[in-house]
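Remarks on the structure that follows.
The values are calculated or read from the model by the stated rules, or taken from the named source; none is laboratory data. Computed from a prediction, not measured in an experiment: that's the story for all the values here. In this analysis, Cβ positions are derived from the backbone assuming ideal geometry, glycine residues included, and neighbour counts consider all displayed protein chains. Calculation scope for accessible area: heavy atoms of the full protein, side chains included, ligands and nucleic acids excluded. Shrake-Rupley method; radii C 1.70, N 1.55, O 1.52, S 1.80 Å.
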Amino acid sequence: MGERDVAAVKTWVRDARRIVLLTGAGMSAESGVPTFRDAQSGLWTNFRPEELATEDAFRARPRFVWDWYAARRVGMATVQPNAGHRAVAAFQQRHPGRLTVVTQNVDGLHQRAGSAGVLALHGNIAEDKWLDRPRACCTAENVQDGHPPRCAACGNLRRPAVVWFGELLPAAALVEAEEAASGSDLVLVVGTSGRVYPAAGLARATRGRVVVVNPEPTALDDVADVVLAGTSAMLLPRLLED
Ligand code: OAD
C-alpha cells in the first residue's frame with residue numbers, strides 16, 4: 001500500500017457528495033471480536049455455518065445454538081468500539097448526511113460509537129425475536145427464561161434477531177442500502193471478505209469509486225479502484241480526517 005494511494009483516497013473522500021461505508025467482521029477485529037473466516041480465531045473454525053446459523057439447526061438443537069449465540073452476545077457486550085468506528089462516527093457528525101454506514105456486523109459497535117442511521121443488514125445479536133409467528137399469548141410477560149426462553153403458554157421459542165443462512169435480509173434496510181450504494185460517489189469496503197451476498201453486491205452497485213480496506217485479499221478486490229492493505233483502526237482515522 002503506497003502513501004500515494006492513501007492520499008488519492010483522502011481526496012476522493014473529501015470530494016465525494018455521498019459515501020457508503022460497507023463493513024464486515026474485520027471492522028470489529030481490533031475491538032477483539034473474532035471474524036467469521038479467519039483460520040486461527042474465526043467463529044466458524046470449529047463449526048460449519050449450516051450447523052449453527054440456520055433455522056433448521058436451531059429447531060434441531062435449540063439449546064446448543066442458543067448457547068453459542070449467548071456466549072457471543074456476552075463477548076460482544078464487553079468489547080468497545082475501536083478507532084475505526086470512532087473515526088466514522090466523528091466524520092458523520094462533522095458532515096451530516098454524507099456517509100451512510102451499511103454493516104454486516106451484528107455487534108452494534110458502529111451504533112455504540114455514535115453512528116446514526118446504521119443499516120444493519122444482518123440484524124442485532126443483542127435482540128431476540130419469536131421463532132414462529134407470535135400468537136396472542138406470545139407477550140413479553142409470558143416469556144419464560146430458559147435456553148432458549150419460550151412462551152409459557154404455547155412453547156413458541158425466542159431466537160436471536162440475526163439473519164441466518166437461507167433467510168431474507170430485512171427488506172427496508174436492504175432497499176435503503178441499495179439506494180445509498182447506487183447513489184454514491186464512493187464506496188469504502190472495510191473488513192469484509194466480500195463473499196456473502198447480497199451485502200457484497202452493494203460494492204458492485206455503485207457507479208462511483210470503490211476502495212477496499214483489508215489486510216488480506218478479498219473477493220471484491222476486482223471492483224476496487226484502490227485496495228489499501230491495512231487495518232480499519234489504522235486506516236479509517238487517516239482516510240476520514242479533514
Ligand atoms: P469474514 O470473516 O468473512 O471476513 C472478515 C474480513 O476481515 C477478512 O477479509 C479479513 O481479512 C478482514 N480483517 C481482519 N482483520 C481486519 C482488520 N483489523 N481491519 C480490516 N479488515 C480485517 O466476515 P464478513 O465478511 O463480515 O453473516 O462475513 C460476512 C457474513 O458472513 C457475516 O455477516 C456473517 C457470516 O456468515 C451472517 O451472520 C448472516
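Listed values, structure above:
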read-out: Test for residue 74: is it assigned by TED's automatic domain parsing to the domain that holds residue 182 and either touching a strand residue (DSSP E or B) at 6+ places or on another chain (Cβ under 8 Å) or modelled with pLDDT under 95 (or both); value: no
read-out: Residue among 74, 118, 102 that is away from the ligand (no atom under 13 Å from the Cβ), among the aliphatic types (A, V, I, L, M) and crowded, with 18+ Cβ neighbours inside 10 Å; value: 118
read-out: Lone unmet requirement of (1) modelled with pLDDT of 95 or more; (2) touching a strand residue (DSSP E or B) at 6+ places or on another chain (Cβ under 6 Å); (3) part of a loop (DSSP other than H, G, I, E, B) for residue 1; value: (1)
read-out: Test: residue in segment 58-70 that is under 23 Å from residue 193 (Cα atoms) and more than 10 Å from the ligand (Cβ to nearest atom); value: yes
read-out: Test: residue 82 is modelled with pLDDT under 95 and polar (S, T, N, Q); value: no
read-out: Test result for residue 153, touching a helix residue (DSSP H, G or I) at 6+ places or on another chain (Cβ under 9 Å), in a loop (DSSP other than H, G, I, E, B) and either open to solvent by 20 Å² or more (accessible area, probe 1.4 Å) or within 16 Å of the ligand (Cβ to nearest atom) (or both); value: yes
read-out: Counted residues, segment 198-242 - those being in a helix (DSSP H, G or I), more than 23 Å from residue 95 (Cα to Cα) and either within 12 Å of the ligand (Cβ to nearest atom) or open to solvent by less than 60 Å² (accessible area, probe 1.4 Å) (or both); value: 5
read-out: Filtered residue count, segment 156-170, keeping only those that are assigned to a loop (DSSP other than H, G, I, E, B) and open to solvent by less than 30 Å² (accessible area, probe 1.4 Å); value: 3
read-out: Yes/no for residue 179 being open to solvent by less than 60 Å² (accessible area, probe 1.4 Å) and more than 25 Å from residue 86 (Cβ to Cβ); value: no
read-out: Pairs, first over 16 Å from residue 127 (Cβ atoms) and of a type outside the set (Asp, Glu) in segment 59-72, second surrounded by fewer than 14 Cβ atoms within 10 Å (Cβ to Cβ) and at pLDDT 90 or above, C-beta under 6 Å, six or more apart; value: 63/147
